[in-house]
1. Determine the sum of side-chain charges near Thr91: Lys and Arg each +1, Asp and Glu each -1, restricted to other residues whose C-beta is under 15 angstrom from that of Thr91.
2. Highest mean first, how do 251-258, 135-142 rank when packing is the count of other Cβ atoms within 10 Å averaged over residues?
3. For Arg6 and Tyr260 in one chain, what is 0.36 nm times their gap in residues minus the Cα-Cα distance, to one decimal in nm?
4. Evaluate the Debye formula for the chain with equal point scatterers sitting on the alpha carbons, no solvent, and hand back log10 of I(q)/I(0) at q = 0.08, 0.14 Å⁻¹, in q order, two decimals.
5. Using the alpha-carbon atoms, what tilt in degrees (0 to 90, nearest 10) does helix 75-103 show relative to the longest principal axis of the chain?
6. Between Ile230 and Ile268, what's the calculated FRET efficiency when r is the beta-carbon distance and R0 is 45 Å? Round to 0.05.
7. Could you work out how far helix 44-69 tilts from the main Cα principal axis of the chain, as a 0 to 90 degree angle to the nearest 10?
8. Please compute the contact order of the chain in relative form: average sequence separation of alpha-carbon pairs under 8 Å and at least six residues apart, divided by the residue count, as a percent.
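All of the numbers you see were taken from the coordinates with simple rules; none came from a lab. Here the structure is a predicted model, which is why all the values come from computation and not from measurement. Cβ placement follows ideal geometry from the backbone for every residue including glycine, while neighbour counts extend to all protein chains displayed.
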Amino acid sequence: RLSCVRNNVWLACCGVVSAGLAVLSSFGLMLFCGVPFVVTVGNAPFLILGVGVDDMFIMIASWEQSSRKKEKSDVKSRLAETYAEAALSVTITTLTDVLAFFIGTWTAFPSVRSFCLYTGTAFVFCYIYTLTFFGAIIVLNHKREQGNRHWLTCMPVGVGKGQAEKSCLYNACCIGSCSGESSQTESEHPMSVFFKKYYGPFFTNKWVKVLVVLLYGVYLGGSIYGCIQIREGIDLRNLASDDSYIIPYYDDEDKYFSAYGPRVMVVITESVDYWNETVRLGIENCTENLE
């Protein structure tokens, strides 16, 4: 927002910090429990950041809605209404994500199992921090706004006759308006206005509804066709970067050695006396018979 009081930059930063705390808590707990840390776990913070920021937007939007419904209500009532609106959405998204990743721990691949454990636990912590830490930050930010304090310095913003004599740049940075008048007035966000007045009515039109159903039918048909065509397996060359030496290695292997099939190896599981010539001859005999 253009207002130096209504601007919520620090609130957004704390939402990102909340996701970061979830990652630190999850990694710390898993390492304390002795769960192996593999390279793929390094991708987990990006997933947590995406979900954490999404939950942050839901919380802030619900808080803004409660401010328009109950302008004169106390902070407790507004926060209660915010949780009543936002907690359901946040809970459902977190629950599905946690369930998906914890189901992934049943896999036979240890690296995937570790990744799912770290990420699933991080989602749980992200949920906890969103409903506790970030909720508290929203209240503190509200108190800052009520005190008419600057978003960056948290110093009181005063608007008086002397303010008009200041430069336009000074007034814009300190009170949010070049005119010397405070721009703290509560207003509905332009994005909310767009969805309420234009996007919503457009999609409630009966012809648009028919079009949406037809498009979904096409999408569903394409998805079913894709599921039928998909084949199980993985091409190892897709796991390497384009300039890796692994790609030409696999290309040459397919070109020159694919006709020979997989390699067969023999493992001797018992302890044998390799220094004994008779034992060595027996092993060589076994190898020749296998060949």
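1. Details: positive: none; negative: Asp54, Asp55, Glu85, Asp97.
Around Thr91, the charge tally is -4.
2. Ranked by mean Cβ neighbours within 10 Å, highest first: 135-142, 251-258.
3. Details: separation 254, 0.36 × 254 = 91.44 nm, distance 7.06 nm.
Full extension of this stretch gives 84.4 nm more.
4. Log-scaled intensity ratios, in q order: -0.64, -1.20.
5. 10 degrees
6. Plugging the Cβ-Cβ distance into 1/(1 + (r/R0)^6) gives 0.65.
7. For 44-69 against the chain, the angle is about 20 degrees.
8. Relative CO of the chain lands at 21 percent.
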